[in-house]
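Just so it is clear, none of the values below were taken in a lab; they were calculated from the coordinates. Just so it is clear, the model here is predicted, and its values are computed rather than measured. In this analysis, Cβ positions are derived from the backbone assuming ideal geometry, glycine residues included, and neighbour counts consider all displayed protein chains.
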Amino acid sequence: MAEFLAYLIAGLATGAIYALAAIGFTLVWQTSQTINFAQGEFVMLPAILILAAVKLAGLPVWVAAILGIVAFIALFGWGFKLVIVDPMIRHGVLPLAIATMALSIIMKEGAKDGFTAEAQRFPSLVPQETVSLLGISISLQHIAIIIVACLAIGALQWFVTRTKTGRQMQASAQNPNVALILGIPVAQMVMLTFLINAALAALASILISPIYLAKFSNGEVIGLFAFIAAIVGGFNQVRGALAGGLSVGVIDSLAAAYISTSYRLAVPLVLLVGIILIKPEGLFGRKEERGV
Amino acid sequence: MQQSILVLGIAAAAVLAPPAAAQEKIKLVNVVELSGAGATAGTNWKNGIDLAVADINARGGVLGRQIEIVHYDTQTNPGNTRAAVQRAIDEGTYAVLGPVFSGPIGASMQIAQRAEIAQIVGGEAAGLTRQGNQYLFRTSLSQSAAMPKIAAYLKNTVKASSVTVVWVNNDFGKGGRDAILPELQKAGIRVAADISTEQGQADFAADAIKVKNANADAVFVYLNEEESARFLRAAKQQGVDKPMVGETTLLGSKVIELAGDAANGVRGHVGLSIDAPVPAFQEFGRKFQARFNYASDHNGLKGYMAVAMIKWATEKQRKFDKKGLADTLRGATITPAEEPGIMITTKIEANGDLDRESYLAEVEGGRQIIKATLPMINP
């Protein structure tokens, strides 16, 4: 039982990161009706920017962290919407989806060529120590990841459902034309969504990079698992992304423990196929109908 | 008048044209992992080669000719490696340098063999030199040479009666696992758990929990550099407190840098180290640090030695004969007195394996400390 709990907590920690990234998928989906295939790279890049500011500009870590996060949110929240989403969405969702694929490659190769292809150590906010609970050793880093990610997601859920701005964001996502008639600044709400996505990606990056090490290729696995998590949980619900992320993280951890490390990547995919067959809208997703 | 112009023209050509030796450079192509899972190993190997080429060229080159080095990134992909080796041969490389990872070496070594060109590699998988390839040469000890030393270390120094084996599921890792298991059996050490991991794996939490639950006396870790660092960090997070024992890839400077405190206490066998009690290694370490601003791991030393092997064999045969280069290297013993770049007496077996001194080391306070020197197997 203690062994199972250890795997469960490790899976929840990884799953919390997937959830943060998966929320990005749902936010972009709700505002642009498309999939951001660069979402994994959105989680990879902030850590690289911070390390680049430390190593190339010689800045202290905390200054680099602030500058790196601000620069990332500006470039990949505000800039992403203005430079990629706005021009492409006029031509339909397919060109936009393809543009995000291209962006993914550019971000990855840019990080590799502009900084380094080698993994880099990334400072952790909490010590690499363990605490004993119920007969198992639990990593402080894992606890911190679970708490911080859940707080961030909870705050987002509260913001979206309990504040005027959040409700305006929801209205803009659900029906932008009606929202505009009602006087909601739809363009600003959509921009806010992209800024929130970038901020969550930066948070995920800071939480996971001390464990995965900062590397240009980190986005591949995170992007894939977050995508699976978003579909499993429901592409149009924030709480769905949370449930999907945690589920995928736990299943991945248990698969590595009880099945095989070699097949661990396949198990969440099997889950994905099962969800698509049984509940296509995801665990918490709403059914959507579209006119054609 | 016409004669005068002709004479002037010939004189001008003679003055302006550089000597033949300076015109013709020796082209060496390095096919190596500069991105992907092997980037850490490949970058060190490349930098070691660059340092060797700069040193040799500064001393007048090889038989009076300067070396031109070209690097091709394989992205740690066997298909890309094959293409790059073929391209190197098509472009007239004198010898092929690299790659470092055993899988891409295995996938590409037949191409250099068919072209009868020496390929000097950084791989350690035992199987590489068991295929009768007369053109493949190592720069590191083979797993079959290293594993008996590790099994003896586990038994005699660590006093382990049970060991958990953690290995990476690629040619390097599988070769290491296949080499250590019989040696552990011979030493009477029980394998408590046999844990396979994947190349490029980022999350080692589940593996660390497995290691902890196996509760063996020691853990033998045989992963590539980045994965070694991630595993050590995960093991520390899970409170694994058993001795971590490994080979060169576990104790390298990059692993120590990436793993931080989690690397302290790690011990094992290292084939090459800038911290070894060999003045030439330490001098190399200082030059590498000065040029690249970080400490070289064993792959930097291997890259440097690879170029030194080519220089020594070329000067030995007194000509630039590609096939002759391989013939000269095979079965040779190179001493630092003959070729300073080799740094330590190195015996090249007929199958391309190496024999030389190696070391037992431990990581203390974020530094690799050499504890003992092990002699050559067949001096």
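Odds and ends about this structure:
- In terms of surrounding Cβ atoms within a 10 Å radius of their Cβ, B:ASP203, A:ASP86 rank from fewest to most as A:ASP86, B:ASP203.
- Structure remark: mean-square fluctuation, Gaussian network model of chain A, C-alpha springs under 10 Å; the largest value among A:LEU180, A:LEU96, A:LEU27 belongs to A:LEU180.
- Per-residue shielding of B:226-238, expressed as the average number of other chain Cβ atoms within 10 Å of the residue Cβ, stands at 4.
- If R0 equals 41 Å, the separation of the Cβ atoms of A:LYS279 and A:ILE66 corresponds to a calculated FRET efficiency of about 0.45.
- Global form of the range A:24-218, assessed from the alpha-carbon gyration tensor, a/c cut-off 1.5: oblate
- Averaging Cα coordinates gives a centre for the range A:218-240 and one for the range B:68-142; these two points are 40 Å apart.
- Candidates A:LEU195, A:LEU82, A:LEU103: whichever shows maximal mean-square fluctuation once chain A is modelled as a Gaussian network with Cα springs under 10 Å: A:LEU82
- Computed FRET value (nearest 0.05) for A:THR163 with A:MET1, which takes r as the C-beta separation and R₀ as 51 Å: 0.75
- Fully extending the segment from B:ASN378 to B:LYS287, taken as 0.36 nm per residue of separation minus the present Cα-Cα distance, adds 29.6 nm.
- DSSP H segments from chain A that extend 27 Å or more along their own axis, Cα-based, with Kyte-Doolittle mean of -1.0 or above: A:2-32, A:93-114, A:140-162, A:186-212, A:238-258
- Selected from A:ILE208, B:ASN133, A:TYR258, residue furthest toward positive end of dipole (the protein assembly as shown; charges at beta carbon): A:ILE208
- Averaged over peptide A:123-133, the number of partner chain Cβ atoms lying within 10 Å of each residue's Cβ comes to 2.
- Debye-formula intensities of the range B:225-379, expressed as log10 I(q)/I(0) at q = 0.10, 0.13 Å⁻¹, are -0.41, -0.66 (one equal scatterer per alpha-carbon, no solvent).
- The antiparallel fraction among DSSP beta bridges confined to chain B stands at about 35%.
- Positive minus negative residues near A:GLN128 (Lys, Arg vs Asp, Glu; Cβ under 9 Å): 0
- Between 0 and 90°, nearest 10: helix B:171-186 axis offset from chain B longest Cα axis: 50 degrees
- Principal-axis tilt of helix B:2-16 within chain B, Cα atoms, nearest 10 degrees: 20 degrees
- Shape category assigned to the range A:215-269 from the gyration tensor of Cα positions, a/c cut at 1.5: oblate
- Antiparallel content of DSSP bridges confined to the protein assembly as shown, in %, to 5: 40 percent
- Inter-probe distance in nm under a simple model that places probes 7 Å from Cα toward Cβ, at B:LYS159 and B:GLN134: 5.2 nm
- In this structure, A:GLN174 and A:LEU151 have a Cβ-Cβ separation that, at R0 = 22 Å, corresponds to a calculated FRET efficiency of about 0.25.
- For B:VAL191, nonlocal amide neighbours, meaning residues 5 or more places apart or on other chains whose placed amide H falls under 5 Å from its own, are B:VAL163.
- Lys, Arg +1 and Asp, Glu -1 on Cβ, resulting dipole of chain A about Cα centre, debye, nearest 20: 560 debye
- Equivalent-ellipsoid semi-axes for the protein assembly as shown (Cα gyration tensor, √(5λ), whole Å, largest first): 49, 34, 20.
- Cα long-axis angle, helix B:78-90 against chain B (0 to 90 degrees, to the nearest 10): 20 degrees
- The ranking of A:TRP29, A:TRP158, B:TRP312 from fewest to most other beta carbons within 10 Å of each one's beta carbon is A:TRP158, A:TRP29, B:TRP312.
- For residues of A:210-217, the mean tally of beta carbons on other chains within 10 Å: 5
- Sorted by Cβ neighbour density within 10 Å, fewest at the top, the residues A:MET169, B:MET376, A:MET1: A:MET1, B:MET376, A:MET169
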